[in-house]
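The values are calculated or read from the model by the stated rules, or taken from the named source; none is laboratory data. Not measured: the values here are computed from a predicted model. For neighbour counting, all protein chains shown are included, and Cβ atoms are generated from backbone atoms with ideal geometry for every residue, glycine included.
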Amino acid sequence: MKNKFDYKGKHLIESKKLSKKEIECFLNQSEKFIQLNKRKIKKLNLLKGRTIFNLFFENSTRTRTSFEVAAKRLGADLINVSLKDSSINKGETLLDTMTTINSMSPDVLIVRHPEEGISSKISKIVDACVINAGDGSREHPTQALLDALTIKKKFGKFKKLKIAICGDILHSRVARSNIEILSKLGCSINVIGPKSLVPKNIKKVKVFYNMKEGLKDCDIVMMLRIQKERIFKKHVPNKKIYFEKYGLDYKKLSFAKKNAFVMHPGPMNRNVEIDSELADDVTRSLIQEQVTMGVAIRMACLEILISNRDKNARGN
Ligand code: CP
């Protein structure tokens, strides 16, 4: 039997390796889960008997819990492992931890870790599917997919949309994954931030160091958190000055298109990169919608990867 999904990969690790057709496969497959998640009873048996591990070695609220909700709504068993409870604290290496968990025959390992490229290394030593839930500043593919799904639901298209990604681009895996995915879907992208927080030689985008210039004609303004945990002291801007120059408030939003929408992957630093009132203004802010779409997209990711794994196991 032919594999029914356009995405045929075993793992989901890098947005940059996804084709437009593969991205659309994840977005389209999410539609039925968006509907399911609006129902009173939100449970299916699609992944009944499957074992999924959440392996988070960096803090998370949205990604970890939405994968847990997604797995449980599909009927799978999900086990949470966090750094603070693991034997890594007794000196075990991360790869030894992964081979140990692999011996319990999991179907999917969802990994967040500060080391760039670690999900790819893990995928080479385990039998399970691996989903990269954020590796350092490098990639966060399911965040970019849920952002694309949020945009699709709001605008019904990607072509000709102009998106500004603003703030700490240098340390942002969300920015990197979004640039890959949104540009493949046909959006044009401006990145805006202070020189110290925009990578040199960044590709597929136009670079601005000034909000007024960069926000002109934008349909969506995606704000990013200042990643204090990844910033060396020399980069850390003064919060007040940063907000004045790069923090999004109603005045700066008026530089974008008249009805432009605001996005933020969370967690937010209120009144540092985004005005608190604007963040909560549901007529302009898609931030809560992003969280809702996160559950649907992660349900689609789990369904597609496990289905691909089953097909490969049967030799199809
Ligand atoms: N957007 C995001 O990855 O949020 P968490 O760190 O809360 O998972």
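Per-structure values
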quantity: Subset of the range 286-313 [hydroxyl-bearing (S, T, Y) and more than 11 Å from L149 (Cα to Cα)]; calculated: S307
quantity: Scan of the range 4-23 for residues that are closer than 17 Å to M299 by Cα and touching a residue at least 40 places away in the same chain (Cβ under 8 Å), ordered by number; calculated: K4, F5, Y7, K8, G9, K10, H11, L12, I13, I23
quantity: Residues being of a type in the set (G, A, S) and away from the ligand (no atom under 13 Å from the Cβ) - total across the range 121-135; calculated: 2
quantity: Residues (more than 12 Å from the ligand (Cβ to nearest atom) and farther than 15 Å from K153 by Cα) located in the range 256-266; calculated: A256, K257, K258, N259
quantity: Only listed residue being modelled with pLDDT under 95, β-branched (V, I, T), within 16 Å of the ligand (Cβ to nearest atom) and within 26 Å of G294 (Cα to Cα), chosen from I226, I181; calculated: I226
quantity: Test: residue in the range 88-109 that is under 19 Å from V291 (Cα atoms), away from the ligand (no atom under 16 Å from the Cβ) and either not in a helix (DSSP H, G or I) or not β-branched (V, I, T) (or both); calculated: no
quantity: Where a residue in the range 45-65 is at pLDDT below 95 and its partner, wherever it lies, is of a type in the set (V, I, T) and within 13 Å of the ligand (Cβ to nearest atom), with Cβ under 6 Å and at least six apart; calculated: none
quantity: Whichever residue in the range 37-53 is in contact with a helix residue (DSSP H, G or I) (Cβ under 7 Å, 6 or more places away or on another chain) and not in a loop (DSSP other than H, G, I, E, B) and, among such residues, is surrounded by the fewest Cβ atoms within 10 Å (Cβ to Cβ); calculated: F53
quantity: Count of residues meeting criterion [hydrophobic (A, V, I, L, M, F, W, C) and more than 19 Å from K200 (Cβ to Cβ)] in the range 172-186; calculated: 4
quantity: Residues of the range 182-196 classified as buried (at least 24 other Cβ atoms within 10 Å of the Cβ) and in a helix (DSSP H, G or I), total; calculated: 1
quantity: Given (1) within 15 Å of the ligand (Cβ to nearest atom); (2) in contact with a helix residue (DSSP H, G or I) (Cβ under 7 Å, 6 or more places away or on another chain); (3) on the phi < 0 side of the Ramachandran plot, number of the condition N269 does not satisfy; calculated: (2)
quantity: Residues of the range 264-301 satisfying the condition of being in contact with a Lys or Arg (Cβ under 8 Å, 6 or more places away or on another chain) and among the hydrophobic types (A, V, I, L, M, F, W, C); calculated: M268, V272, L278, A279, L286, V291, M293, V295, M299
quantity: Checklist (1) out of contact with any Pro (no Cβ under 6 Å at 6 or more places or on another chain); (2) over 23 Å from S254 (Cβ atoms); (3) buried (at least 17 other Cβ atoms within 10 Å of the Cβ) applied to D127, failing item; calculated: (3)
quantity: Conditions (1) in contact with a strand residue (DSSP E or B) (Cβ under 7 Å, 6 or more places away or on another chain); (2) in a helix (DSSP H, G or I); (3) within 13 Å of the ligand (Cβ to nearest atom); number of the one not met by Q143; calculated: (1)
quantity: Selection from the range 201-223 of residues that are assigned to a loop (DSSP other than H, G, I, E, B), over 24 Å from F155 (Cα atoms) and modelled with pLDDT of 95 or more; calculated: I202, K203, Y209, N210
quantity: Of all residues making up the range 278-295, the number that are within 16 Å of the ligand (Cβ to nearest atom) and buried (at least 17 other Cβ atoms within 10 Å of the Cβ); calculated: 11
quantity: Leading residue by the ranking (farthest from D219 (Cα to Cα)) among those in the range 277-316 that are polar (S, T, N, Q) and more than 22 Å from the chain's Cα centre (by Cα); calculated: N316
quantity: Count of residues meeting criterion [more than 16 Å from the ligand (Cβ to nearest atom) and either part of a helix (DSSP H, G or I) or out of contact with any helix residue (DSSP H, G or I) (no Cβ under 8 Å at 6 or more places or on another chain) (or both)] in the range 54-76; calculated: 3
